[in-house]
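Before any comments, here is the structure.
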Amino acid sequence: MLRTPRIPPRLSSFVTVGVCATVGLTMLAMLALINHYAANYASQEAELRLQQLSWQMRDSLNRVVQQAGSDVSLVSGLSQVRQASDPAEVRSVLDNLQTTFPDYAWIGMTDNRGVIYASTSAMLEQADVSARPWFQSGKEGLRAVDYHPALLLGKLLPKAADPWRFVDVAAPVLGPDGEARGVIGVHLSWAWARRVAANLLTPALKEYGAEILVVRRDGTVLLGPAGMEEKKIATTSLTLAFAGATGALTEDWADGRTYLTGYTRTGDPADPASLEWAVLVRQPEATAMAGWNTLKWQILWISLLLGGALAWLAASLARKLTRPMNQLSRMMETRASGAAPADVAAIPEVYGFREAQVLSKAMRSMLEVERQHTRTLERMNEQLEAKVAERTAELHALAMSDTLTGLPNRRALMHMLPQALKRAVRLRRSCAVLFLDLDGFKGINDNYGHDEGDELLRQVGARIVATVRKTDMVARLAGDEFVVILEMLPTPADAEATALKLLPQLRLPFALANNVVSVGASIGVAVFMPEDPLDMAALLARADQAMYQAKADGKNRISLAPLAREALALA
Ligand SMILES: Nc1nc2c(ncn2[C@@H]2O[C@H](COP(=O)(O)OP(=O)(O)OP(=O)(O)O)[C@@H](O)[C@H]2O)c(=O)[nH]1
């Protein structure tokens, strides 16, 4: 089976596809890398932001609880409190302390039995709080008591937007003798924690759905989004925070959404004056990554546009780079197909790049050399043809002429006689053949030698030519035989007249090299009439027979052959 040879792709297609594929693959690789690294980066950035926010919240909570602890320690150490004999003295100190930090909702001092001895605004004085955890733990030393709703004070304090919730800090009061005198306790309004959270959550963070949660070890949300407070949660971030870790992660929450969550823990488990809470700052993943998603689509579109532009640029560049090669290859194809350009100018001189320039120059010079060779060959061919024609003419002349006399020979006669006959028919003018044979020529040869005989033949030929008209043809057949063709005869009798004119001319003496000789001639005359058949052989035969007749009649005379129609009649 014949296999069609595979046609390789054009250089421009090859380069264009190659460059476009490279650009495309590079763009895809870049997009994949950008997608991977930038998404990771965006996610890490968001997580770090949430983690930092949780740290800020943690630090603020720790600071306030510590501050409360310091304040309680300071007050419990004051001599006015330790040696107080009048509740008013202690109350004035406590009121002063409250003014320094309005979120101290209530500060009070008990006696050893747990009865309020003095308090801010004398609120709850003489009330028994011995069962309250802050009193119980405060007797032991500086202690913090976790978030709890207000019991007794809830009714006494002014109404607030949220129900009163407290965090308590308490410390024992020792008399000058070192004996316990009671406990000082501070009820820290939870509003403070809400304010800290509100301050940390900037409008931008709120807009992107960031939320701060403060959660107790049992999972109860102390502070958080509406609807979640005082409800329990259980998340990985919560577990990690209470395990003492801090960081951020992506996790699913009970509401079915995925959040990025920063987590940390407040307080110090070894310090009873501190409070342990988990601080979680969460943001829905969709909003946290919204900026990145927008950016991703922008990058994708820009990449596509850039890729398209680059591919177009690459294709244009490839076309520009390969155009010179294409021009050259097309030109070579044209030449190879045989439709060669006329000259060197048809091969363009290309300057696209060095290789193409070198190639085009080489091709131009090759073509120039080829053109010169062709011209030389053409010239040589012309010369050869001219020489052949010359030689052919010479050979033709040689073949057609008698070497001794230079007159046309038998071959020439055979060639020209038919033409003469055709002319006679065409022009309706008769022609004639004189068949002439010298008389006594053999004797000249025998007596004076062959050279003298040759000379005689030359002079006889010349004399016949000189006697007849220039338009008449004189040929030497062989030996001492000559034939004269007479054309355009006005009448058939003119042939006889010419023969009679020849006889005396040939009888005149011939001056040879060494001798002067005289010969005669016998001439047979045959006339061709325009209506005669075109039979050259018959015409010659009639002339020949007439010549023999002249010989037979005594030589040195003419003999007229019968006309063709007469000869036919005789036959
Ligand atoms: N010198 C010379 N002689 C030739 C040439 N060709 C033929 N001859 C001679 O010419 C002679 C011709 O013979 P013939 O025509 O019989 O001789 P002739 O003496 O003319 O006889 P008739 O015709 O009967 O008068 C022969 O002796 C040939 O040898 C030639 O080229 N040169």
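Here are a few things to note about the model shown:
- Pair list, Cβ < 8 Å and 6+ apart or interchain, from the stretch 428-445 residues that are on the phi > 0 side of the Ramachandran plot to residues that are surrounded by fewer than 20 Cβ atoms within 10 Å (Cβ to Cβ) and part of a strand (DSSP E or B): GLY440/GLY520
- Count of residues meeting criterion [within 16 Å of the ligand (Cβ to nearest atom) and of a type in the set (Gly, Ala, Ser)] in the stretch 511-556: 11
- Selection of the stretch 447-462 for residues being under 20 Å from ALA475 (Cα atoms) and more than 9 Å from the ligand (Cβ to nearest atom) yields ARG458, GLN459, VAL460, GLY461, ALA462.
- Qualifying position, being of a type outside the set (Phe, Trp, Tyr), touching a residue at least 60 places away in the same chain (Cβ under 8 Å) and more than 16 Å from the ligand (Cβ to nearest atom), among ALA420, ALA475: ALA420
- Each residue in the stretch 238-276 was checked for being under 55 Å from the mean Cα position of the chain (by Cα) and in a strand (DSSP E or B), and 12 of them qualify.
- Single residue of ARG91, ARG82, ARG63, ARG58 found to be in the same structural domain as ARG282 (by TED's automatic domain parsing), charged (D, E, K, R), under 30 Å from PRO203 (Cα atoms) and surrounded by 14 or more Cβ atoms within 10 Å (Cβ to Cβ): ARG58
- Any hit, the stretch 427-441, residues being surrounded by fewer than 16 Cβ atoms within 10 Å (Cβ to Cβ), charged (D, E, K, R) and near the ligand (Cβ under 8 Å from one of its atoms): no
- In the stretch 94-122, residue nearest to LEU156 (Cα to Cα) [restricted to those that are among the hydroxyl-bearing types (Ser, Thr, Tyr) and surrounded by fewer than 18 Cβ atoms within 10 Å (Cβ to Cβ)]: SER121
- Taken over the stretch 442-456, the criterion of being assigned to a helix (DSSP H, G or I) and either small (Gly, Ala, Ser) or out of contact with any strand residue (DSSP E or B) (no Cβ under 9 Å at 6 or more places or on another chain) (or both) is satisfied by LYS442, GLY443, ASN445, ASP446, HIS450, ASP451, GLY453, ASP454.
- Taking the stretch 122-218 and the strands (runs of 3 or more DSSP E) fully enclosed by it, the elements with 3 or more residues that are closer than 30 Å to ARG257 by Cβ and within 60 Å of the chain's Cα centre (by Cα) are at 211-215.
- Residue within the stretch 406-416 that is closer than 29 Å to ASP532 by Cβ, away from the ligand (no atom under 16 Å from the Cβ), in a loop (DSSP other than H, G, I, E, B) and touching a strand residue (DSSP E or B) at 6+ places or on another chain (Cβ under 8 Å) present: no
The values are calculated or read from the model by the stated rules, or taken from the named source; none is laboratory data. Just so we're clear, the structure is a prediction, and the values are computed from it rather than from any experiment. Heads up, the Cβs are rebuilt from the backbone with ideal geometry, glycines too, and the neighbour counts pull from every protein chain shown.
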